Amino acid sequence: MMKLFRTSLFLTLTTLALAQDVSVKPGINDKFLDPKLNVEEWTKKFETESREIFQQREKIAAAAGLKSGMVMADIGAGTGLFTLHFAQAVGEKGKVYAVEIAKNFLEHIKARASKASASNVQAILCTERSVELPEASIDLAFICDVYHHFEFPSASLATLHKALKPGGELVLIDFKRIPGESSDFIMGHVRAGQEVFEAEVIAAGFEKVDEVKDLLKENYFVTFRRK
């Protein structure tokens, strides 16, 4: 069984490496690219007590390990669920890049930051293949329930690796995808499980350094370090 899994994993990574221009999940971000995207509607979906990461948002933000003065990127910031928590954690001398593919979300985040007087938040419009961050500009990247939306993971991870300072860290939180246990929605929406996603990140030049196992039930929480 393990041999078959490793073979499947190898084939998955090989396919990704050889097909840089082929989306691994075509159309998954179409709704976010819609100029008519309704931010209020998505806020109700993202920021609700029925969503585990919203319930545990303060503990998750604390577990990310941010310190005053750090520069970090909230990748796929969405409606800004974590952005202001991070802005407070890094303080006035720090900086938070709110990275999003949806322009409407970025406008919403900028309004939230302005209202909260969080001048250390900067909105960044990314693309399907690039996080669009300066080289060696961040100490930590945070990706929560977003990695499965990466259509071109190898390309995006390469730009993220470049954006991180040497020794910088990447926090990855995503849905547990376990056949026979996970919901039909997760099985259909999330393209692969933790082992595959971890292997993709490691293949992009990172090493796994930690895993928080006692905080979340529906998601896993893993930390990597840039080599």
Quick calc: nm separation of the 7 Å Cα→Cβ label points for Val22 and Glu195 -> 2.3
The stretch 30-81 and the stretch 154-212 have their Cα centres apart by a whole-number Å value of 17
Computed over all unlike Cα pairs, the Kirkwood hydrodynamic radius of the chain in Å stands at 17.9
Cross-link reach from Lys227 to aspartates and glutamates, straight Cα distance under 19 Å and at least 8 residues apart if same chain, gives Glu135, Asp139, Glu169, Glu198, Glu200, Glu207, Asp210, Glu211
Checked against a 28 Å limit on the C-alpha separation, the offending pairs among Lys45/Lys208; Lys36/Lys115; Lys31/Lys176; Lys45/Lys67 are Lys45/Lys208; Lys45/Lys67
Where a ≥ b ≥ c are root eigenvalues of the Cα gyration tensor, a/c under 1.5 meaning rounded, otherwise prolate if a/b exceeds b/c and oblate otherwise, the stretch 47-163 counts as rounded
Bounding extents of the stretch 53-96 in its principal axis frame from Cα atoms, largest first in Å, are 28, 19, 13
Candidate cut points under trypsin sites (Lys or Arg not before Pro) in the stretch 176-224, DSSP loop plus at most 13 other Cβ atoms within 10 Å of their own Cβ, are Lys213, Lys217
For the pair Val209 and Glu128, the simple spin-label estimate (label points 7 Å beyond Cα toward Cβ) gives in nm 3.3
Residues Leu125, Leu140 in order from fewest to most other beta-carbon atoms within 10 Å are Leu125, Leu140
Among the Cα-Cα pairs of the stretch 158-223, the proportion with separation greater than 13 Å, in percent, is 66
Simple spin-label estimate for Lys165/Ser50, 7 Å along Cα→Cβ, in nm, reads 4.2
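Where a number appears in this text, it was derived from the coordinates with a stated rule and is not lab data. Treat the numbers as computed from the prediction; the structure is a model and nothing was measured. All Cβ positions, even for glycine, are placed from backbone atoms using ideal geometry, and neighbour counts span all protein chains on display.
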